[in-house]
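This report refers to the structure that appears directly beneath it.
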Amino acid sequence: MFKVEYPRRGMLLAMGTHSRFPDTWLINGVIRLNESAQANLFCDCGVSANRAW
């Protein structure tokens, strides 16, 4: 499921910093999202934000 189905359906990484490592980005979690009809905020290319680049 985690190798095939979740990445195909949209799996994103939740990233942030920690008080002990303020200059380092850490992976804080994994989020599985369904396909969204909302346009990508940073790209006007018609590609969903949930797709792998």
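On full extension of the chain, what length is gained from residue 21 through residue 5, given 0.36 nm per residue of separation minus the C-alpha to C-alpha distance?
Working: separation 16, 0.36 × 16 = 5.76 nm, distance 3.30 nm.
Stretched fully, the residue 21-residue 5 segment lengthens by 2.5 nm.
How far, in nm, would the chain grow between residue 33 and residue 14 when pulled straight, counting 0.36 nm per residue and subtracting the alpha carbon separation?
Working: separation 19, 0.36 × 19 = 6.84 nm, distance 1.18 nm.
That works out to 5.7 nm of additional length.
Every number in this text was worked out from the coordinates using simple rules, so none of it is lab data. Model, not experiment: these values are computed from the prediction.
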